[in-house]
Amino acid sequence: MEPIKLVTIGLPNLLEGLVVNAFQKRGSLKVIGNYQDVSQYLSHHDNEKPSIIIVEAAGSNECREVLYSYPRVRLLSIENSGRNFHLWKLVPHLQTLGEVSPDELVNEILSDNY
């Protein structure tokens, strides 16, 4: 079984220890990085891709940057010293349009994006 590859960003030592212990109970864990903030992490180039990234007190723009850089990662943001959690994922979406005219096709595409 491949280990869980974990990166933590901005977690206080106590919270990081609790998180690492919880993941270790579930199986093989490899902590591949600990960073002070999202920009430090994104500027760091590593060959090993994480499977889980945990970041404390990140804004939605920072979380989106992480997801766009690592679209297959499971991203967990933590707020209020471990009281509020948010799980972020990029999920592909398929919408069946059926038989449509070129004008209807353009309208359908532009209605979701603009």
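The values are calculated or read from the model by the stated rules, or taken from the named source; none is laboratory data. Nothing here was measured: the structure is a model prediction, and the numbers come from that model. Cβ coordinates were reconstructed from backbone atoms using ideal geometry, including for glycine residues, and neighbour counts include every protein chain displayed.
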Query - Residue in region 70-84 that is within 20 Å of Ile4 (Cα to Cα), of a type in the set (Ser, Thr, Tyr) and over 12 Å from the mean Cα position of the chain (by Cα) present - result: no
Query raised in the report: In region 1-39, what count of residues is obtained for those that are small (Gly, Ala, Ser) and surrounded by 13 or more Cβ atoms within 10 Å (Cβ to Cβ)?
Result: 2
Report summary line: Of the residues in region 21-31, those that are modelled with pLDDT of 85 or more and either among the charged types (D, E, K, R) or touching a Leu at 6+ places or on another chain (Cβ under 7 Å) (or both) number 5
Report task. Kindly provide the set of residues from region 78-99 that are aliphatic (A, V, I, L, M) and in a strand (DSSP E or B), ordered by number. Result -> Ile78, Leu87
